[in-house]
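Values quoted throughout were computed directly from the atomic coordinates according to the rules given, and no laboratory measurement underlies them. Keep in mind that this is a model prediction, so the values were computed, not measured. Here Cβ is always computed from backbone atoms with ideal geometry, including for glycine, and neighbour counts include all displayed protein chains.
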Amino acid sequence: MKTLRRPNVLIIYTDQQRWDTLGCYGNSHAVTPHLDRFASEGARLDRYFVQNPVCMPSRMSFLTGQYCGMLGIGDNGIPFPEDKVSVHQLLKRYGYHTAQIGKLHFQPHSRRDHRDPADDYGFDTFILSDEPGCYDDAYTKWVEAVRPEMLQKIRTSLPPEAENDRLLNISGYTDIPRETHEPYVFEGEEDYTHSSFVASETCRFIKRHKDQPFFAIAGFYAPHTPVNPPKRCIDLYDFNQLGLPKLGEDEQFEDFLKDITAEQWQKIRGYYLALVSHVDDCVGQIMETLRQEGLEEETLVIFTSDHGEYLGDHGRIQKGMPGHDCIIRVPCMIKYPGKIKPGMVIDQFVEAVDIVPTILDYCGIQTPTFVQGQSVKGLLQQESALHKEDILVESFTLYGSRMTVVRNKDYKYYCDAEGNEILYDLKNDPDELKNVAEEEQYFSALAGMRKRLIIRLQQAAYQNRNRAAMY
């Protein structure tokens with residue numbers, strides 16, 4: 001009698017990582033040997049896009065396989081809905097031990113005391129740390145337990161949301177700035193960064209649960225701000241070789257960024273890449289643990305991020321709409337030895353919602369009707385050549401703000417609830433520096449993208465909304 005050996009599933013999930021931060025994605029300056037090796041041993045998705053430009057809705061969309069319109073969540077601050085189902089909950093029914101280690105961000109972190117147990121969402125192992133060093137959470141207690149003298153050196157200032165929130169009378173541990181344009185050297189030893197914590201706990205989990213099928217999320221916080229890489233990683237880069245932010249003809253730096261010099265921008269970008277290099281080292285540790293434990297060929301590993309970072313491009317930092325590629329396009333690589341051909345490059349459009357059905361396909365589990373993504377297993381197995389012609393990005397808030405993007409290989413179209421429109425001609429303007437929405441020669445293209453936006457929004461919002469009833 002034949003039996004099905006379902007693979008382990010490991011998601012390595014970074015935060016705020018641009019697609020162009022890895023050597024395997026074409027960045028000749030990036031020092032990322034472990035992730036480059038990952039790409040050479042698996043498949044690299046070259047046109048992979050997230051469904052939202054900020055953390056919480058992007059993560060919820062990714063882990064449920066549902067668009068933001070269906071989730072009803074389009075911005076940060078809204079907890080994971082009780083009536084929604086994450087991929088780990090589907091896998092638990094088939095005997096998987098499920099784990100969340102590090103950042104999950106299924107609930108706001110600024111309005112709760114991190115010493116109190118959080119909702120574990122049904123994970124069997126739940127080691128939560130949504131921010132590095134600013135709360136008394138799993139990370140800071142780990143440092144205190146293994147190297148107490150490092151505790152004050154790993155502390156960071158509070159994020160703006162917590163600084164402005166006096167409901168809990170939270171006070172910051174340091175006054176060190178934490179914005180993208182305020183990088184600094186990590187004060188503690190490299191082995192005690194938040195990324196090292198996630199890697200250590202993930203490796204420990206793998207060793208403890210190697211004899212049963214597992215699903216695990218290794219939730220790295222880096223390279224999200226604060227941009228504070230270890231000095232060794234900073235020394236890998238010659239800042240003078242790094243490029244400068246790109247601004248469009250109608251764009252300028254935000255007021256608080258106007259005095260930053262070219263040399264300072266190169267330093268900012270160098271520190272950001274150094275933080276990615278540190279994550280790369282940690283990923284290398286996790287992958288080596290899989291090899292040492294004999295699990296490499298039995299594990300489906302996915303590396304990706306929740307959104308990107310402006311890094312000065314378009315005169316901005318951090319993230320958000322109108323969804324330039326530096327924000328909504330992120331790395332995504334999938335490795336499953338013996339099942340996925342090494343060195344594959346998928347140039348079809350793939351959305352974050354497509355990952356859940358792909359996982360279920362490889363695990364031999366049916367995809368529920370409420371999952372909106374489309375599996376890319378056919379692409380990875382070279383059984384199909386086509387996937388999607390465009391991608392959808394949604395953003396909306398409680399107070400009525402609505403912003404939507406549809407992008408294909410030729411154009412990107414943005415429209416908000418006030419009727420403001422942006423159209424980029426990606427063939428001639430890949431850096432998205434000129435809005436051509438009002439140019440007559442593009443009116444036909446504009447009409448076509450408007451139609452695609454309407455179609456995609458209906459597909460995203462109306463699935464499973466029918467109610468059968470007699471009239």
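Select from segment 374-393 the residues that are without any contact (Cβ under 8 Å) to a residue 24 or more places away in the chain and in contact with a helix residue (DSSP H, G or I) (Cβ under 7 Å, 6 or more places away or on another chain) and write down the one among them that is farthest from PRO357 (Cα to Cα). Only one residue tops the list, namely SER384. Sort out which residues of segment 252-266 are surrounded by fewer than 16 Cβ atoms within 10 Å (Cβ to Cβ) and either assigned to a helix (DSSP H, G or I) or not polar (S, T, N, Q) (or both), and write them in order of number. Listed by number, the residues that qualify are GLU254, ASP255, PHE256, LYS258, ASP259, ALA262, GLU263, GLN264.
Restricting the search to strands (runs of 3 or more DSSP E) fully inside segment 1-119 and requiring at least 3 residues that are in contact with an Asp or Glu (Cβ under 7 Å, 6 or more places away or on another chain) and within 23 Å of PRO223 (Cα to Cα) gives 43-49. Looking only at residues in segment 396-424 that are among the polar types (S, T, N, Q) and within 20 Å of GLU351 (Cα to Cα), the one that is surrounded by the most Cβ atoms within 10 Å (Cβ to Cβ) is THR404.
Looking across segment 192-212, the residues that are in contact (Cβ under 8 Å) with a residue 24 or more places away in the chain, more than 15 Å from MET287 (Cα to Cα) and in a helix (DSSP H, G or I) come down to TYR192, HIS194, PHE197. For segment 279-397, the strands (runs of 3 or more DSSP E) that sit wholly inside it and include 1 or more residues that are acidic (Asp, Glu), closer than 26 Å to ARG452 by Cβ and touching an Asp or Glu at 6+ places or on another chain (Cβ under 8 Å) are 344-351.
Can you confirm whether segment 129-152 contains a residue that is assigned to a loop (DSSP other than H, G, I, E, B) and among the β-branched types (Val, Ile, Thr)? Scanning segment 129-152 turns up no residue that is assigned to a loop (DSSP other than H, G, I, E, B) and among the β-branched types (Val, Ile, Thr). Taking first residues from segment 415-440 that are free of Cβ contacts under 8 Å to residues at least 40 places away in the same chain and in a loop (DSSP other than H, G, I, E, B) and partners that are loosely packed, with under 11 Cβ neighbours inside 10 Å and of a type outside the set (S, T, N, Q), the Cβ contacts under 7 Å between residues at least 6 apart in sequence or on separate chains come to ALA417/GLY400.
Looking only at residues of segment 240-251 that are crowded, with 16+ Cβ neighbours inside 10 Å and hydrophobic (A, V, I, L, M, F, W, C), we find that the one that is farthest from ASP429 (Cα to Cα) is LEU242.
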